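Trainee: Take this structure, written in structure tokens, and hold onto it; I'll ask about it next.
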Amino acid sequence: MARACKFWVKKYYAPQVSKSIIKAGIVLIILANLIFAARFMAIELGYYEHQWVQNLIIYPGGISLGALCISFAAVLTIDVVTFMMKALKKPSLSEFSIGPGENPPLSTDPESGRRRFLKTAGLAAVSAPFGITIGTAAATAHDYKIIRKDLFFDNLPAGLDGLKIAQVSDIHSGIYMTQHQIHEIFEITNSLHPNLVTITGDFVDTSRNELPALYNTVRNLKSDYGTYGCLGNHDHYASGPVVSSAMEQRGVKMLVNSNDSLRINGENLTLLGVDDFGSGKHNRARIDHALNNIDQDTFKVLLSHRPELFDVAHQQGVDLTLSGHTHGGQIGMDILGVPIYPIRLIYNYSNGLYQQGDKKLYVNVGVGMVGIPIRMVKPEISLLTLRQS
């Protein structure tokens, strides 16, 4: 990428100007790398919770990485445009012949227009990613959206009609999610007055050192029938058993290939939870274990971090599956009412509500961020109300 940028600057700017631009670019890249390296030191030393570290190191480091990734795509786009414009037929000299009484054209260089266009377009393409990443990080990263949905079921027992389930997913406690921010999320969740709270995986980002922020706050969650959770893939990066044990100590009932029954208004509700549904040896989900020793006639709600398990769950008679994992891609938007979410090219179940027969899946886009602090898809806290059809 650096070589492509250097070539582009030399081609479309005067020598002295191009030298200054290249020098400034090198300084910025070195500074970005130093800040990005400092992020890892802050993580290992446990300083990422401090606001000044967030403002001076954590977010700038992540934003620089995101901007470089987008800049790479932008430079490739400019290269494609350059190639296409070069492929255009050049005008012949006859097109510029001067007749009697006519003024000569201002320029007979067919390259001049292309050069001005590429110079301007390239400058915009290289600078825009920084504005995009900074803007989106500031505007949407912690602008929590409350999603309220009524879910209708033919087989819902009368005593469960109106039951409100709050779902929080993908907290990713860590460099982009501090204790103060987690406390805010849980306060918003409490304000919804749920009967039941669920957390569908990825409590932490990558390390068990990120647990204290959650450990100190998760007990604040309030509901009539408690808080339930399942493990996600990032929890296993830190240590799944450690995460599960810490949450259990603070009152979260962790469902790891297991189930629990609740008696609500004279009716039974069965909650099931599976471990992370990865691929190959990383597939820890055992839905058959979670279904052991349950009354098949009860209404069943499954917590599965990854939504792909829905294909199996609905065939096993699970009425409602709650998932996360996708983050909605973190990048996506609605343009003139048309949803544009690149994540839908990867996942069959990317965000929102899905249905197979009379069985339903809800995919929560999460509240946290992973990788880089770019979030155009607003973080979500959902309140799902069960209704009789």
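Trainee: Within the stretch 314-348, track down each residue that is open to solvent by less than 80 Å² (accessible area, probe 1.4 Å) and assigned to a loop (DSSP other than H, G, I, E, B).
Mentor: Gly317, Val318, Asp319, Gly324, His325, Thr326, Gln330, Ile331, Gly332, Gly337, Tyr341, Tyr347
Trainee: Being free of Cβ contacts under 8 Å to residues at least 12 places away in the same chain and either closer than 20 Å to Asp170 by Cβ or of a type outside the set (Ser, Thr, Tyr) (or both) is the requirement here; does Asp276 meet it? Step through it out loud before you land on a result.
Mentor: Values: free of Cβ contacts under 8 Å to residues at least 12 places away in the same chain: no; either closer than 20 Å to Asp170 by Cβ or of a type outside the set (Ser, Thr, Tyr) (or both): yes.
No, not satisfied.
Trainee: Which residue is modelled with the highest pLDDT, if the candidates are limited to the stretch 125-178 and must be of a type in the set (Phe, Trp, Tyr) and either over 30 Å from Gly266 (Cα atoms) or open to solvent by less than 50 Å² (accessible area, probe 1.4 Å) (or both)? It would help to see each step written out before you state the result.
Mentor: In the first step, residues of the stretch 125-178 are kept if they are of a type in the set (Phe, Trp, Tyr); the result is 130, 144, 152-153, 176.
Checking the rest, the ones that are also either over 30 Å from Gly266 (Cα atoms) or open to solvent by less than 50 Å² (accessible area, probe 1.4 Å) (or both) come to 130, 144, 153, 176.
On the way: Phe130: 54, Tyr144: 94, Phe153: 97, Tyr176: 86.
Among those residues, the one meeting the criterion is Phe153.
Trainee: Go through the residues of the stretch 186-197 one by one and say whether even a single one is part of a loop (DSSP other than H, G, I, E, B), touching a residue at least 60 places away in the same chain (Cβ under 8 Å) and in contact with a Pro (Cβ under 8 Å, 6 or more places away or on another chain). Give the derivation first.
Mentor: Applying the first criterion (part of a loop (DSSP other than H, G, I, E, B)) to the stretch 186-197 yields 192-195.
In the following step, the residues that additionally are touching a residue at least 60 places away in the same chain (Cβ under 8 Å) were identified as 192, 194-195.
Checking the rest, the ones that are also in contact with a Pro (Cβ under 8 Å, 6 or more places away or on another chain) come to none.
Within the stretch 186-197, not a single residue is part of a loop (DSSP other than H, G, I, E, B), touching a residue at least 60 places away in the same chain (Cβ under 8 Å) and in contact with a Pro (Cβ under 8 Å, 6 or more places away or on another chain).
Trainee: Let me ask you something else. Would you say Pro373 is modelled with pLDDT under 95, on the phi < 0 side of the Ramachandran plot and either in contact with an Asp or Glu (Cβ under 8 Å, 6 or more places away or on another chain) or not small (Gly, Ala, Ser) (or both)? Show your work before the answer.
Mentor: Details: modelled with pLDDT under 95: yes; on the phi < 0 side of the Ramachandran plot: yes; either in contact with an Asp or Glu (Cβ under 8 Å, 6 or more places away or on another chain) or not small (Gly, Ala, Ser) (or both): yes.
Answer is yes for this residue.
Trainee: When you check Ser389 against the structure, is it open to solvent by less than 50 Å² (accessible area, probe 1.4 Å) and among the small types (Gly, Ala, Ser), yes or no? Outline the logic, then answer.
Mentor: Details: open to solvent by less than 50 Å² (accessible area, probe 1.4 Å): no; among the small types (Gly, Ala, Ser): yes.
Spelling it out, it is not the case that Ser389 is open to solvent by less than 50 Å² (accessible area, probe 1.4 Å) and among the small types (Gly, Ala, Ser).
Trainee: Restricting to the stretch 341-389, and then to whatever is among the basic types (Lys, Arg) and in contact with a strand residue (DSSP E or B) (Cβ under 9 Å, 6 or more places away or on another chain), can you tell me which residue is nearest to Phe153 (Cα to Cα)?
Mentor: The selected residue is Arg387.
Trainee: On to the next question. Applying the selection to the stretch 201-221, what residues are polar (S, T, N, Q) and part of a loop (DSSP other than H, G, I, E, B)? Give the derivation first.
Mentor: Step one: of the stretch 201-221, the residues polar (S, T, N, Q) are 206-207, 209, 216-217, 220.
Matches in the stretch 201-221: Thr206, Ser207, Asn216, Thr217.
Trainee: Determine which member of the set Leu302, Leu353 is at pLDDT 95 or above, surrounded by 16 or more Cβ atoms within 10 Å (Cβ to Cβ) and not in a helix (DSSP H, G or I). Give the steps one after another, and end with the answer.
Mentor: Numbers: Leu353 fails: surrounded by 16 or more Cβ atoms within 10 Å (Cβ to Cβ).
None of the other options fit; the residue is Leu302.
Trainee: Related question: Looking at the stretch 266-285, which of the residues that are among the polar types (S, T, N, Q) and farther than 27 Å from Gly162 by Cβ is surrounded by the most Cβ atoms within 10 Å (Cβ to Cβ)?
Mentor: Asn283
Trainee: If we keep just the residues of the stretch 191-205 that are farther than 16 Å from Met177 by Cα and of a type outside the set (Val, Ile, Thr), which is most open to solvent (accessible area, probe 1.4 Å)? Before you say what the answer is, go through the steps one by one.
Mentor: Quick first cut of the stretch 191-205, residues farther than 16 Å from Met177 by Cα only: 191-198, 200.
Checking which are of a type outside the set (Val, Ile, Thr) leaves us with 191-196.
Numbers: Ser191: 70, Leu192: 13, His193: 128, Pro194: 5, Asn195: 30, Leu196: 2 Å².
The selected residue is His193.
Trainee: Here's another thing I want to ask about it. Quick check, is Asp288 open to solvent by 50 Å² or more (accessible area, probe 1.4 Å) and either over 27 Å from Gly162 (Cβ atoms) or not in a strand (DSSP E or B) (or both)?
Mentor: Details: open to solvent by 50 Å² or more (accessible area, probe 1.4 Å): yes; either over 27 Å from Gly162 (Cβ atoms) or not in a strand (DSSP E or B) (or both): yes.
Yes: the conditions hold for Asp288.
Trainee: Something else now. Could you give me the residue pairs with C-beta distances under 8 Å whose first residue belongs to the stretch 231-248 and is hydroxyl-bearing (Ser, Thr, Tyr), whose second residue is open to solvent by 10 Å² or more (accessible area, probe 1.4 Å) and modelled with pLDDT under 95 wherever it lies, and which are 6+ apart or on separate chains?
Mentor: So the pair list comes out as Tyr237/Asp205; Tyr237/Thr206; Tyr237/Ser207; Ser239/Arg208.
The values are calculated or read from the model by the stated rules, or taken from the named source; none is laboratory data. The structure displayed is predicted, hence computed values, not measured ones. Every residue, glycine as well, gets a Cβ built from its backbone with ideal geometry; the counts of neighbours run over all protein chains shown. To get the accessible areas, we keep the full protein, side chains included, count just its heavy atoms, and leave off ligands, DNA and RNA. Shrake-Rupley method; radii C 1.70, N 1.55, O 1.52, S 1.80 Å.
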